[in-house]
Each structure stands twice: as C-alpha cells, then as structure tokens.
1. Given the residues 254, 210, 225, which is the only one that is outside any loop (DSSP other than H, G, I, E, B) and at pLDDT below 95?
2. Checking residue 234 against (1) surrounded by fewer than 18 Cβ atoms within 10 Å (Cβ to Cβ); (2) touching an Asp or Glu at 6+ places or on another chain (Cβ under 8 Å): exactly one of these is not met. Which one?
3. Filter region 79-109 for residues that are out of contact with any Phe, Trp or Tyr (no Cβ under 9 Å at 6 or more places or on another chain) and under 30 Å from residue 227 (Cβ atoms) and give the result.
4. What number of residues within region 225-271 satisfy the criterion of being aliphatic (A, V, I, L, M) and under 24 Å from residue 169 (Cα atoms)?
5. Can you tell me which residue is farthest from residue 278 (Cα to Cα) among those in region 67-115 that are crowded, with 22+ Cβ neighbours inside 10 Å and of a type in the set (Phe, Trp, Tyr)?
6. Just need a number here: residues in region 150-161 that are surrounded by 15 or more Cβ atoms within 10 Å (Cβ to Cβ) and closer than 23 Å to residue 125 by Cα.
7. Would you check which residues across region 18-38 are over 23 Å from residue 218 (Cα atoms) and in a strand (DSSP E or B) and list them?
Amino acid sequence: MSNPIADPLVEGVDSDAASDLVRLDTTQEGVAVVTLNRPDARNSFNAELIGALHETFETLQAAEGVRVVFLRGAGKVFSAGADLNWMRDAAHWTEAENRDDAMGLARMLKALWDIPALTVALVQGGAWGGGCGLAAACDIAVAERGAKFGFSEARLGLIAATISPYIVAAIGPRASRGLFASARTFDADEALRIGLVSELVDDAAALATAADRIAGEAMACAPGAIAASKALVDAVAHREIGPAVMEDTARRIAQARVSAEGREGVAAFLARRSPSWAGQG
C-alpha cells in the first residue's frame, strides 16, 4: 500500500466539504486524510475552519469504503487553538451569541468522534486548546517528540469547556484539573504518559511511516467490526459491571458472530486464508 501521508492521494470521496481551509483526500483503498489548511495562522480555529471541519467529518461519517481517517495540520504546527481575531470578535458578543458560537465547536468535535472508521491524529509542532481537543477526539494520536501541548484558557480568564469531554476521557479527571487550572505548556513525553497521545515518533518521516503502519492495521480489520468496537467502548465505559452490561455485551457479541463479517472472519481463520476485507490495501 502506498504511504497515505508521503505520497499523492487519489481523490475518492465526492465532497463539497473540501475547501481552502480543509483538504479532504482519499486513496482508492479507503484511506482518508483531512488536512487543516491555515498554515500561516498555525491552523488556528475560527468559525469558518470549524464549519469546514464539521462538514468534512459529517461527510466521512456517511462515506462508503472509508476504512481509516488521518487528521493532520498543514505547515509546522498541528493546531494552535483559537484564532486571535476570532477571540477578539467573541469578546464583543452577547452570552447567547457566544453560546451559539461554542456549539459550533462542540458539534464539530462530536462529528469527529462519531466517524465509524478508525480516526488518527498526526501531530507535528504542537497542539493547544482546541487542537488538543481534536487529538483527544480521535481514536489514536501520534505525535513528533518535539511537539508541545497546552490548555491556555485559564490565563485568559476562560475555560477549556467544549473540548473537556474528550480531554477528560483521554487523560482522566485529575490530570485534566491540573492542566486546565495551571494552563502550563507540556511536552510530548508528558502527553504520552497521561494518554493524550498514543505514540511518539522522531520526525516527519517517522510520522508518515507510523501512518502507513496504522493504515495497514486498519485494513486488516473488518470495517463493521471497527465501528462496532468503538460503539462498544462508549456503551460500557464508566458503567457498573452488572446484569445490564452483561446482557448488552452478550447481545453485541452474538450479533457479531452471526453477522456477515463475523461468519467470514471465522471461516477465513479456520481455512487459514485472508478474509475478504483484508489485502485491499
């Protein structure tokens, strides 16, 4: 399979979401790459970028044949968080106007979270505020060792509100409280230790190699099983292990066993052959 990050991509998703602010490219094998494309502004968020990302993520939710989605930033920085001009404008809005604006970011992150394919953030340079929210809303985040991270909202008299469900889910309440309240910048080693990122690599070439490896891993898995696995985690997280959870998980595996993918996967394993979904990359 060609490297999905290093090599040119084949346009494979018919989407109006792709714009000057967000690029959406796919390979014929089902690898999608979403690129934040405001390098001169360090891929910082404004209403237009958030809207374009939301539309792109909704497109990918319904796209046929997309197996893995990579999220990256153009230029030297993954995302610096909020755009200064956007913040300046928001200072003059009413509370209701600010609530409506914040819901745009909340909906965009939820649209990323709801993509059924495996989602992977590729972080170079750094991620702050909403950039960390994007990384946390993905299933996997890979970062360069030199990347920096932070939640600077408290220094501005603000809070990391709309990104908080994804950050707390990724790193836990205590780490979130300390980092939100101190607003300190931290390095990639700490981001790995607390679970904000899943893997560290040395440089851009290694980031591309990691993306290629993850794409290959995704191609070896049944697409429906990936989506069902993500839904399973949401269903059991933080629930008491009692009769309701036991019944729910038993129902889910029973459905998987009798599904077309389940039958094909087991049959292929017993016959010592590749399943129908593998080897397409």
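1. After ruling out the rest, the residue left standing is 254.
2. Every listed condition holds for residue 234 apart from (2).
3. Hits for region 79-109 are 102, 103, 104, 106, 107.
4. Residues in region 225-271 being aliphatic (A, V, I, L, M) and under 24 Å from residue 169 (Cα atoms): 14 in total.
5. 78
6. The qualifying residues number 6.
7. Passing the criteria: only 22.
The values are calculated or read from the model by the stated rules, or taken from the named source; none is laboratory data. Small disclaimer: the values here were computed from a predicted structure and weren't measured. When we count neighbours, we look across all protein chains shown, and the Cβ atoms used for this are built from the backbone with ideal geometry, even at glycine.
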